[in-house]
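Q: My structure is below; once you've seen it, I'll send some questions.
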2 protein chains.
Amino acid sequence: MADTAIPIGELSRRTGCNIETIRYYERIGLMPAPPRRGRYRSYGGGDVVRLGFVRRARELGFTLNEVRALLGLAAGGDTTCAEVRDLAAVHLKDVRARIADLKRMERVLADSVRACDAGQEPGCPLIDTLYAEPRAPAPRG
Amino acid sequence: MADTAIPIGELSRRTGCNIETIRYYERIGLMPAPPRRGRYRSYGGGDVVRLGFVRRARELGFTLNEVRALLGLAAGGDTTCAEVRDLAAVHLKDVRARIADLKRMERVLADSVRACDAGQEPGCPLIDTLYAEPRAPAPRG
DNA sequence: CTTGAGTCTGTAGTCACTACAGACCGTATA
DNA sequence: TATACGGTCTGTAGTGACTACAGACTCAAG
């Protein structure tokens with residue numbers, strides 16, 4: 001009852017992945033096409049595990065192509081750990097770059113909002129920032 | 001020579017915004033359709049300023065719809081500073097949420113890569129993480 | 001006259017979904 | 001038996017913010 005003939009709605013509930021997305025994953029070959037009971041898809045315990053893997057990888061920010069690669073590596077023996085490590089390391093670098101980008105944005109935005117709150121300057125500090133020359137280091141002191 | 005009859009390629013060079021994107025902005029009404037010299041678009045200094053504004057707002061992570069709003073507010077008087085501030089504050093919250101998300105990813109990824117490097121455990125630490133139950137707090141001591 | 005660079009329109013692809021429309025299926029209830 | 005309801009099906013199109021062509025044209029220099 002728990003592991004066989006799971007309909008798509010329950011797979012969705014168990015994994016937190018919505019139905020349309022599950023069908024989408026099937027269409028792009030990330031999830032195998034399951035057998036049918038009549039016209040309806042019928043999943044098993046393995047599908048729950050696999051889809052869970054996919055979802056957790058996605059939550060770590062891996063692209064679907066990277067997830068595909070990870071699934072392939074996971075299916076292989078344990079000789080592939082180095083490859084997995086490399087994939088993760090590349091991705092980690094990317095995540096860190098995105099964090100750095102966002103922090104730069106955060107700084108500028110926070111400065112502008114603070115300046116707005118202070119309300120000392122004429123005009124609007126954020127609008128001024130947006131009109132200002134790019135990459136000019138603001139004089140401060 | 002500097003301010004009139006600027007062809008799209010030069011506008012692109014001056015703003016760092018690529019040509020296809022400029023035409024895309026025109027199509028969606030973010031940039032006005034400029035007059036033509038023959039069949040060619042002919043921009044002026046105002047377009048350089050406006051597109052620069054757009055680009056800088058995009059670099060701060062505002063969506064195109066937010067940029068549209070900002071452009072509208074910037075065109076108004078200076079009575080709109082509070083509205084700009086609110087827009088920026090909402091966006092700032094969003095940026096901070098994204099940073100928090102990415103940091104969570106970073107932590108998990110960094111842990112896995114480190115565990116890989118240590119190479120003590122059997123199997124692959126990252127693959128194990130991906131197969132593991134969601135949100136189970138890892139025992140650590 | 002030809003070459004090359006620049007520009008034009010229009011369409012389709014990217015990523016990872018998401019949102020329908022409209023049909024069908026199986027069961028519980030009146 | 002009728003019907004209502006919830007679940008599922010296929011297929012297509014939309015999202016955001018571009019990006020990438022194809023194939024035609026314009027213009028100036030050599």
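Q: Please work out which one of (1) within 16 Å of DNA strand C (Cβ to nearest atom); (2) under 18 Å from A:LEU130 (Cα atoms); (3) within 14 Å of chain A (Cβ to nearest Cβ); (4) in contact with a helix residue (DSSP H, G or I) (Cβ under 8 Å, 6 or more places away or on another chain) is the condition B:MET31 fails and give its number.
A: (3)
Q: Mind checking which residues of the range A:53-69 are more than 7 Å from chain B (Cβ to nearest Cβ) and of a type outside the set (Asp, Glu)? Working first, answer last.
A: Applying the first criterion (more than 7 Å from chain B (Cβ to nearest Cβ)) to the range A:53-69 yields A:54-55, A:58-59, A:62-69.
A:VAL54, A:ARG55, A:ARG58, A:PHE62, A:THR63, A:LEU64, A:ASN65, A:VAL67, A:ARG68, A:ALA69 - these are the residues of the range A:53-69 that are more than 7 Å from chain B (Cβ to nearest Cβ) and of a type outside the set (Asp, Glu).
Q: What pairs come out if I take residues in the range B:8-37 that are open to solvent by less than 90 Å² (accessible area, probe 1.4 Å) and more than 8 Å from DNA strand D (Cβ to nearest atom) and pair them with residues that are acidic (Asp, Glu) and modelled with pLDDT of 95 or more whose C-beta lies under 6 Å away, six or more apart or interchain?
A: Partner pairs satisfying both residue conditions: B:ALA33/B:GLU26.
Q: Could you check, for the range B:58-79, whether at least one of its residues is farther than 24 Å from A:ASP101 by Cβ, within 14 Å of DNA strand D (Cβ to nearest atom) and polar (S, T, N, Q)?
A: No, that holds for no residue.
Q: Filter the range A:1-28 down to residues that are among the aliphatic types (A, V, I, L, M) and either closer than 10 Å to A:VAL48 by Cα or within 10 Å of DNA strand C (Cβ to nearest atom) (or both), then give me how many there are. It would help to see each step written out before you state the result.
A: Going through the range A:1-28, the residues among the aliphatic types (A, V, I, L, M) turn out to be A:1-2, A:5-6, A:8, A:11, A:19, A:22, A:28.
When the remaining residues are screened for being either closer than 10 Å to A:VAL48 by Cα or within 10 Å of DNA strand C (Cβ to nearest atom) (or both), the result is A:6, A:11, A:19, A:22, A:28.
Of the residues in that region, 5 qualify.
Q: Any idea how many residues of the range B:74-85 are more than 7 Å from chain A (Cβ to nearest Cβ) and of a type in the set (A, V, I, L, M, F, W, C)?
A: Going through the range B:74-85 one residue at a time, the tally reaches 2.
Q: Also, quick follow-up: Quick check on A:GLY52: is it surrounded by fewer than 12 Cβ atoms within 10 Å (Cβ to Cβ) and either within 30 Å of B:CYS116 (Cα to Cα) or within 16 Å of DNA strand C (Cβ to nearest atom) (or both)?
A: On the way: surrounded by fewer than 12 Cβ atoms within 10 Å (Cβ to Cβ): no; either within 30 Å of B:CYS116 (Cα to Cα) or within 16 Å of DNA strand C (Cβ to nearest atom) (or both): yes.
Against the criterion (surrounded by fewer than 12 Cβ atoms within 10 Å (Cβ to Cβ) and either within 30 Å of B:CYS116 (Cα to Cα) or within 16 Å of DNA strand C (Cβ to nearest atom) (or both)), A:GLY52 does not qualify.
Q: Hey, could you check the range B:86-118 for residues that are open to solvent by 50 Å² or more (accessible area, probe 1.4 Å) and over 30 Å from the mean Cα position of the chain (by Cα) and say which is nearest to the other protein chains (Cβ to nearest Cβ)?
A: Residue satisfying both the conditions and the ranking: B:ASP117.
The values are calculated or read from the model by the stated rules, or taken from the named source; none is laboratory data. Predicted model only: the values in this text are computed from it and were never measured. Don't worry about glycine lacking a Cβ; one is built from the backbone with ideal geometry, like all the others, and counts go over all protein chains shown. What goes into the accessible areas is simple: the full protein's heavy atoms, side chains included, and nothing from ligands, DNA or RNA. Shrake-Rupley method; radii C 1.70, N 1.55, O 1.52, S 1.80 Å.
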